């Protein structure tokens with residue numbers, strides 16, 4: 001399996017090279033030259049596997065430069081009941097209206113990002129040790145990626161993490177999870193701006209090739225292919241849990257900000273998993289909903305990006321979206337490069353009517369939007385009817401799934417986090433605090449370590465230089 005760039009300017013590379021580089025040298029994102037195809041016989045054979053076994057069967061198709069025994073060991077150490085709370089790793093539960101919730105938030109930081117980040121931490125450590133190299137990660141978070149990355153990388157040999165987050169825009173719980181870490185290899189940087197400003201800085205650092213080479217800069221954001229491929233696994237797991245046989249089809253509803261989560265569903269569907277539709281759920285920052293309804297992709301600046309009660313989706317430039325557009329345009333890297341030049345220039349782009357039809361008819365995408373009052377109402381309804389407390393992002397997904405579901409459609413909504421991370425919204429909805437898992441008592445009162453900087457890539461690079469010269 002070899003990997004190419006969405007912008008066409010990278011020679012094919014093996015898996016391990018792509019995970020250490022972050023952005024491709026031409027500014028694009030890595031994708032396999034072609035997606036492996038899964039037969040009905042393979043689906044039948046995989047249905048009864050444990051999560052770690054299923055992860056091995058899927059990821060080995062993408063990471064064939066890692067010896068099978070080593071890959072199996074990494075995955076067995078990653079997907080353990082003591083890390084994810086149960087032997088199922090990602091259990092499925094049905095609400096009374098028939099919508100299923102795939103639980104993905106039982107890992108160390110109570111968010112779905114742990115499903116990929118725990119693997120990425122172990123994978124980085126393995127690859128770096130095998131090569132005798134080090135890696136300095138510069139990443140951005142809108143809420144959950146940061147803590148998941150830091151908990152996965154803390155204490156890992158040869159790795160430093162510099163995590164950018166929008167200053168004052170996350171929940172108190174999310175901030176405390178990150179900023180309370182005192183490990184020497186963890187560096188939190190709060191940027192005066194929105195998540196998109198943080199993401200732009202990460203891309204600027206990635207595109208400074210001399211700086212990137214000198215300081216061995218990588219990333220854990222979902223622009224890293226290893227994260228996406230790990231997320232592909234739970235679509236298969238969710239499919240098996242939601243069906244009795246492989247002649248059935250399932251639709252997935254995915255709360256979406258940076259498009260990495262639902263991009264993994266797109267990959268699973270392209271591999272042959274019987275997915276009917278991929279429902280993209282946005283919050284008030286509805287750039288993706290606008291695209292899937294009209295074909296217009298028009299990212300907005302920070303001044304037009306709203307701060308909402310589902311803050312991990314407060315994103316207006318979805319970096320993983322480029323991977324889908326690459327497939328939509330029949331993998332024409334030059335065309336993708338031209339479109340993203342328009343995006344970077346503030347103009348965005350517009351699909352033709354035929355291309356927009358292909359988005360739904362060939363690739364199965366549809367979308368919906370949820371605003372604050374609707375997510376609060378969804379939290380109240382699910383609590384009243386099922387005794388289940390949803391976090392705000394999952395509530396957006398449930399609201400959109402109910403809105404879009406066709407008669408008889410088997411819909412699985414992906415859980416994104418536990419409600420403990422968004423206590424203010426839960427109190428508004430239910431007039432009580434959300435349940436808090438053991439071990440997180442007093443989190444917000446712990447000492448916090450963070451550096452506040454303006455939205456300036458030069459100042460971030462200077463901080464990285466100072467930290468690594470000590």
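Looking at the stretch 313-338, which of its residues are outside any loop (DSSP other than H, G, I, E, B), over 20 Å from the mean Cα position of the chain (by Cα) and farther than 16 Å from residue 294 by Cβ? Within the stretch 313-338, 333, 334, 335, 336, 337, 338 meet the criteria. All conditions but one from (1) surrounded by fewer than 16 Cβ atoms within 10 Å (Cβ to Cβ); (2) at pLDDT 95 or above apply to residue 391; the one that does not is (1). With respect to being in contact (Cβ under 8 Å) with a residue 40 or more places away in the chain, out of contact with any strand residue (DSSP E or B) (no Cβ under 9 Å at 6 or more places or on another chain) and within 17 Å of residue 317 (Cα to Cα), residue 204 fits the description. Considering the stretch 245-267, and only residues there that are surrounded by fewer than 22 Cβ atoms within 10 Å (Cβ to Cβ) and at pLDDT 95 or above, the residue that is nearest to the chain's Cα centre (by Cα) turns out to be 250. Taken together, the criteria exclude residue 378 from residues that are loosely packed, with under 15 Cβ neighbours inside 10 Å, at pLDDT 95 or above and at negative phi. In the stretch 123-141, is there at least one residue being under 30 Å from residue 47 (Cβ atoms) and either in contact with a strand residue (DSSP E or B) (Cβ under 8 Å, 6 or more places away or on another chain) or not in a loop (DSSP other than H, G, I, E, B) (or both)? Within the stretch 123-141, one or more residues are under 30 Å from residue 47 (Cβ atoms) and either in contact with a strand residue (DSSP E or B) (Cβ under 8 Å, 6 or more places away or on another chain) or not in a loop (DSSP other than H, G, I, E, B) (or both).
Of the residues in the stretch 285-312, how many are in a helix (DSSP H, G or I) and either buried (at least 18 other Cβ atoms within 10 Å of the Cβ) or at pLDDT 95 or above (or both)?
Going through the stretch 285-312, the residues in a helix (DSSP H, G or I) turn out to be 287-294, 302-304, 311-312.
Cutting the leftovers down to either buried (at least 18 other Cβ atoms within 10 Å of the Cβ) or at pLDDT 95 or above (or both) gives us 287-294, 311-312.
Residues that pass the stated criteria total 10.
Residues that are free of Cβ contacts under 8 Å to residues at least 40 places away in the same chain, assigned to a strand (DSSP E or B) and closer than 16 Å to residue 135 by Cα within the stretch 147-185 comprise 159, 163, listed in sequence order. Going residue by residue through the stretch 199-222, is there one that turns out to be under 20 Å from residue 153 (Cβ atoms) and assigned to a strand (DSSP E or B)? Checking the stretch 199-222: at least one residue is under 20 Å from residue 153 (Cβ atoms) and assigned to a strand (DSSP E or B).
Taking the numbered list (1) surrounded by 15 or more Cβ atoms within 10 Å (Cβ to Cβ); (2) touching a strand residue (DSSP E or B) at 6+ places or on another chain (Cβ under 9 Å); (3) under 26 Å from residue 324 (Cβ atoms) in turn, residue 55 passes all entries but (2). Might you check whether a residue that is closer than 29 Å to residue 457 by Cβ, crowded, with 22+ Cβ neighbours inside 10 Å, modelled with pLDDT of 95 or more and in contact with a strand residue (DSSP E or B) (Cβ under 6 Å, 6 or more places away or on another chain) occurs anywhere in the stretch 229-241? No.
For the stretch 454-465, the tally of residues that are farther than 15 Å from residue 217 by Cβ and either buried (at least 19 other Cβ atoms within 10 Å of the Cβ) or out of contact with any strand residue (DSSP E or B) (no Cβ under 6 Å at 6 or more places or on another chain) (or both) stands at 2. Criterion first (at pLDDT 95 or above, over 22 Å from residue 226 (Cβ atoms), surrounded by fewer than 19 Cβ atoms within 10 Å (Cβ to Cβ) and out of contact with any strand residue (DSSP E or B) (no Cβ under 6 Å at 6 or more places or on another chain)) does residue 47 satisfy it? Yes, satisfied.
In the set 146, 139, which member is at pLDDT below 95, closer than 21 Å to residue 419 by Cα and surrounded by 24 or more Cβ atoms within 10 Å (Cβ to Cβ)?
Within the list 146, 139, the selection yields 146.
When the stretch 1-47 is filtered for residues that are farther than 16 Å from residue 223 by Cβ, outside any loop (DSSP other than H, G, I, E, B) and under 20 Å from the mean Cα position of the chain (by Cα), only 16 remains.
Is it the case, given these coordinates, that residue 357 is within 29 Å of residue 198 (Cβ to Cβ) and exposed (fewer than 14 other Cβ atoms within 10 Å of the Cβ)? Break it down into steps so the answer makes sense when it comes.
Values: within 29 Å of residue 198 (Cβ to Cβ): no; exposed (fewer than 14 other Cβ atoms within 10 Å of the Cβ): yes.
No, not satisfied.
The values are calculated or read from the model by the stated rules, or taken from the named source; none is laboratory data. Everything numeric in this text was worked out from a predicted model, so none of it was measured. Cβ coordinates were reconstructed from backbone atoms using ideal geometry, including for glycine residues, and neighbour counts include every protein chain displayed.
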